[in-house]
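Reading through the structure tokens given below for one structure.
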Amino acid sequence: MYAAARKAWGRGCTVFVADSSCDRQRLGLAVGRRVGNAVLRNRIKRRIREVFRLQRKNWPGCYDIVVHGRAEVAVMPFLELTEVLTQAVRTAVARPSRPRRGLLRGGDKERS
């Protein structure tokens, strides 16, 4: 998913958007241990899920969205978080899609 995704940064998060193979938007979350303890990580995920639940109808298209949250999201006012995530999703969707990388690895490349 990450190889073909378009990326945008918001305050406290990074958003990856890829074309979806299904007919609805889907959300993935990644909050690493470095962010804090389990209570803080779960609070961040709950807040991002709630923004997605309330705003997905306003977000364009049908995409797979992965959000990498940071500690700042836990204390950010909810309206500000909504604006940040909405802007990041719209920015990522507006970017041109990245070409998919081939299956060739470093040693397998053809030489001309």
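For the stretch 9-26, a residue qualifies if it is closer than 21 Å to residue 75 by Cα and crowded, with 16+ Cβ neighbours inside 10 Å, and the qualifying residues are 10, 12, 13, 14, 15.
Taking the stretch 74-96, which residues are closer than 24 Å to residue 37 by Cα and surrounded by 14 or more Cβ atoms within 10 Å (Cβ to Cβ)?
First pass over the stretch 74-96, keeping only residues closer than 24 Å to residue 37 by Cα: 74-78, 80-82, 84-85.
The answer is 74, 76, 81, 82, 84, 85.
Looking across the stretch 27-40, the residues that are farther than 27 Å from residue 97 by Cα and either without any contact (Cβ under 8 Å) to a residue 12 or more places away in the chain or crowded, with 19+ Cβ neighbours inside 10 Å (or both) come down to 33, 34, 37, 38, 39.
Read-outs throughout are calculated quantities, based only on the coordinates presented, and are distinct from any laboratory measurement. All of these numbers come straight from a predicted model, not from anything done at the bench. Backbone-built Cβ (ideal geometry, glycine too); neighbour counts: all protein chains shown.
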